[in-house]
Amino acid sequence: MSEADIEESAAPLVEHLIELRQRLIKAMVAVAIVFVIAFIFADQIFQILVIPYERAAGENQNLKLIFTAPQEYFFAQLKIALFTALFIAFPIIASQIYKFVAPGLYKNERSAFLPFLIATPILFFMGASLVFFIVMPLAMTFFLSMQLTGPNVTTSIELLPKVSEYLGLIMTLIFAFGFVFQMPVVISLLARAGLVSEQGLKDKRKYAVVLTFVAAAVLTPPDPVSQIGLAVPTLLLYELSIYATRLIERKRAEQEAAEA
């Protein structure tokens, strides 16, 4: 590249960086606004996040969570606020990314990219709902079953979870499931770009199974309920991605035939 070419590309590059900064600022402002509101209502949000524990323990149970450091619950409230801000502001962040990328796309590419933008928060919400309503209650039921209580037990063992550890568990699971549920979107975009194919995904299915269980073991607590709860939906999403790739390839073949 000559010096003249470098000088010509410098101005557009600076403009793109300025626009990127503006998009990032807007996303951060949205996160900050939701963060402040969520911090004010942190106690109420915590009561919502503890519902899976209540469902696992059963009705009319006097649940107790503890904190062992004076500042622990304050930092837990900050975590709740940040978690809520990222969760609620996620569509805004995704829209800012789309608005930054959209000017560089053709009209047909923008129309093709828009459904993926809509599907991203929906799939994230589906993954979070799976954790909240199914995986987390099952996991807490598993943990509660390990207690040793009763009249015939000389030394009782009772579950008294720390606030920070319970929040860390449910937040980690929600984000892990939310991001894993983006698999159909990511693979579909790669398929549209021609980087993956239906046959290639089928050939790598056995590797996907192994990597799925490895990822589930890393991203979830060391209990079989959480790991299976993440691995099984991930494999189903992989099969859904193969089907979506097949549709994309079929549509591309029809367009090429029409043009020919």
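Any read-out appearing in this document is the output of simple, stated calculations on the displayed coordinates, not a laboratory observation. Given the structure is predicted, the values throughout are model-derived calculations rather than measurements. Cβ atoms come from the backbone with ideal geometry, glycine included; neighbour counts cover every protein chain shown.
Some points to look at:
- Measuring gaps between exposed loop sites in the chain (GluC sites (Glu not before Pro); DSSP loop; at most 10 other Cβ atoms within 10 Å), the longest gap, sites not included, is 159-260.
- Other residues within the sphere of radius under 15 Å centred on the Cβ of residue 209, judged by their own Cβ, net out at +2 (K and R +1, D and E -1).
- Annotation: amide H of residue 162 within the under-5 Å range of 66, sequence separation 5 or more or interchain, hydrogens built in the peptide plane.
- Derived scalar couplings between HN and Hα for region 74-87 equal 5, 5, 5, 5, 5, 5, 4, 5, 5, 4, 5, 4, 5, 5 Hz in order, rounded to whole Hz, by the Karplus curve 6.51 cos²θ - 1.76 cosθ + 1.60 (θ = phi - 60°), x for Gly and Pro.
- Centroid-to-centroid, using Cα positions, region 210-240 and region 60-77 are 29 Å apart.
- Summary value for the chain: 20 percent relative contact order, contacts being C-alpha pairs under 8 angstrom separated by 6+ residues.
- Its DSSP H runs of at least 4 residues, each contributing -39,500 (n - 2.57), put the calculated 222 nm mean residue ellipticity of the chain at -26000 deg cm²/dmol, to the nearest 500.
- Working from the Cα coordinates of the chain, the gyration tensor eigenvalues give, after taking √(5λ), semi-axes of 43, 27, 15 Å in decreasing order.
- As a proxy for reagent exposure, ranking 53, 238 by other Cβ atoms within 10 Å from fewest up yields 238, 53.
- Hydrodynamic radius of region 154-251 by the Kirkwood approach over all distinct alpha-carbon pairs: 15.2 Å.
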